[in-house]
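The values are calculated or read from the model by the stated rules, or taken from the named source; none is laboratory data. The structure displayed is predicted, hence computed values, not measured ones. Cβ sites come from the backbone with ideal geometry, for glycine too, and all protein chains shown count toward neighbours.
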Amino acid sequence: MSRNPSPCLVPVSHANGMDLNAQLVLDQKPIRQQQKLRTLTKYIQSYPSGWKKRFELAKLLYQIGQWQQAIDELSYVVRRQPQVIEARLLLGHLWHLTGKEKNAICLYEQTLAWVQDDATRYHITGLIAQCQRRWQTALDSFESAVLKHPDNSVHWLLLGQIQLRLEKPLAAQRSFDRVLSLKPNDVTALIYSYDALLQLHQVKTAEQRLQQAYKNAPSDFRVLLRLASRRCQQHLVLDDERAATLELIRTVLRLAPQSAEAHHLLACCHVFQGERIAGEAVMQRFVEQYPNHPYGWYFYARLLFQLGQVQKAADTIMHCYQKQECDREIYRACCEILPAAGRLKLLQPMLLEMVAAFPMSWSLWVTVGRVWVEKFNNYELGIAHSTRATELAQDQAAAWFAHGRVLMLAEHYAQAIEALEQGYSLGNAGARLQTIAAGWLEECDRHI
């Protein structure tokens, strides 16, 4: 009998004090889960020394988001039955989710002593590297795992996620295609495949994957959030289209009331309708209600910048920057907002920090290169950073096109043409990106 997964968003108090959300997709309805929870709890009270039912309880607690209780139960199971690898991996995963990477790493390393299968050993080594943010090691480990066990969809899914994180969408897409060949209706693989295809600017194919995910899981908020975001990008928020877009966003908010991105989409709908004050109020209320949610501040800064409130946007993105260890999107927002606000002194030290924090991110290298050229007139340093992007992504047309743009801004038009033509020769850019690059080529020809 087929099952329709029930999605939910779990609020997580991270070890560093941030309020974050974790996405779960549940196999059972909440009412059935609560019934099963009562049954298992009663059984364990009667037979406290048993571990199998306790492990079953721990998995249920994990599913419903009661993670600290799940950690307690799993810790008991691991002490009683240290050879149960599944329990160890779930406990390590929970440690990782709650920001206690050192605990997770210690547990994973101990787990290796109980594992004989090579594929599983590589898989665990990859999990350790993830916790340590050693992304290349994680990539190598999961690649080894799929070589040893090519029919294991979990290995391929984790490999694809790492490849996507390292901005290798071509490789990631191949990994997700492999998952889908093994499990054609895997919603998570379809969602990540959509994300990878968008990075490749293959919009039509991406939308087909998203529609397939929606067909398989019409109540999955991850799917609905992407559908709503896509409609906003296409400006389907006016007249007759507005109602459908708003209904999607409201559905997501019912499923995930702490989603900063969903609130941002709602705010954008108001702004597109000319309701600027109402749009700003949506994000203002969100950051007041969830002051430790970093992406609330990020999306609020984005909205303020869109509304032309540049100085307030700069204050907000700096608040976001100071609240947490930055990710690439927060850094990118700083590169866009701070120069517009005339705060180059704040931005300059960040530029060095960005590439040090994400040395494998070609898009961040080229962003920093463009800022050095455009805002600081440091052509040599800008081109050096941009060149590094092409070294990291030699097989991606987008990287060569972006590098060509930096060379144009630095008035190196002949070199820009070479970079743009190299991008075309790779043949993996979407139609929209090719059109933009064609315009840049024409501009270079005019200058020459």
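Descriptive notes on the structure:
- Residues within the stretch 395-448 that are at pLDDT below 95, under 19 Å from P169 (Cα atoms) and surrounded by fewer than 21 Cβ atoms within 10 Å (Cβ to Cβ), tallied: 11
- Of all positions in the stretch 264-286, at least one carries a residue that is buried (at least 19 other Cβ atoms within 10 Å of the Cβ), assigned to a helix (DSSP H, G or I), of a type in the set (F, W, Y) and more than 20 Å from the chain's Cα centre (by Cα).
- Complete set of residues in the stretch 240-269 that are in contact with a Leu (Cβ under 9 Å, 6 or more places away or on another chain), among the aliphatic types (A, V, I, L, M), under 19 Å from Y295 (Cα atoms) and modelled with pLDDT of 90 or more: I249, V252, L253, A262, L265, L266, A267
- Hits in the stretch 136-179 (condition: charged (D, E, K, R) and either closer than 13 Å to Y192 by Cα or in contact with a Cys (Cβ under 6 Å, 6 or more places away or on another chain) (or both)): R165, E167, K168, R174, D177, R178
- Hey, V252 among the β-branched types (V, I, T), under 30 Å from P184 (Cα atoms) and part of a helix (DSSP H, G or I) or not: yes
- 1 or more residues more than 20 Å from P294 (Cβ to Cβ), in contact (Cβ under 8 Å) with a residue 12 or more places away in the chain and β-branched (V, I, T): qualifying helices (runs of 4 or more DSSP H) within the stretch 325-398: 344-357, 362-376, 379-392
- Of residues in the stretch 77-88 being surrounded by fewer than 18 Cβ atoms within 10 Å (Cβ to Cβ) and not in a loop (DSSP other than H, G, I, E, B), the one nearest to the chain's Cα centre (by Cα): E86
- Meets criteria (over 20 Å from the mean Cα position of the chain (by Cα) and modelled with pLDDT of 95 or more) for V237: no
- Considering Y47, Y62, Y108, the condition of being buried (at least 22 other Cβ atoms within 10 Å of the Cβ), among the hydroxyl-bearing types (S, T, Y) and over 22 Å from W156 (Cβ atoms) is satisfied by Y62 alone.
- Y300 crowded, with 18+ Cβ neighbours inside 10 Å, in a helix (DSSP H, G or I) and touching a Ser or Thr at 6+ places or on another chain (Cβ under 6 Å): yes
- Residues satisfying the stated conditions in the stretch 177-205, i.e. assigned to a loop (DSSP other than H, G, I, E, B), of a type outside the set (D, E) and touching a residue at least 12 places away in the same chain (Cβ under 8 Å): K183, N185, L200, H201, Q202
- Residue match in the stretch 122-135 (condition: surrounded by fewer than 17 Cβ atoms within 10 Å (Cβ to Cβ), over 16 Å from S193 (Cβ atoms) and modelled with pLDDT of 95 or more): no
- Pairs are defined by a Cβ separation below 6 Å, a sequence spacing of at least 6 or placement on different chains, a first member in the stretch 277-291 that is without any contact (Cβ under 8 Å) to a residue 40 or more places away in the chain, and a second member that is among the hydrophobic types (A, V, I, L, M, F, W, C) and in a helix (DSSP H, G or I); the pairs so defined are G279/A267; G279/V271; V282/L266; V282/A267; M283/A267; M283/L303; V287/W297.
- Residue-level analysis places V366 outside the set of residues that are over 23 Å from Q163 (Cα atoms) and surrounded by 17 or more Cβ atoms within 10 Å (Cβ to Cβ).
- Under the condition of being in contact with a Gly (Cβ under 7 Å, 6 or more places away or on another chain), of a type in the set (A, V, I, L, M, F, W, C) and either outside any helix (DSSP H, G or I) or over 19 Å from L147 (Cβ atoms) (or both), the residues counted in the stretch 106-131 number 1.
- Just one of the listed residues (L346, L352, L338, L304) is under 20 Å from R133 (Cβ atoms), over 21 Å from the mean Cα position of the chain (by Cα) and not polar (S, T, N, Q), and it is L352.
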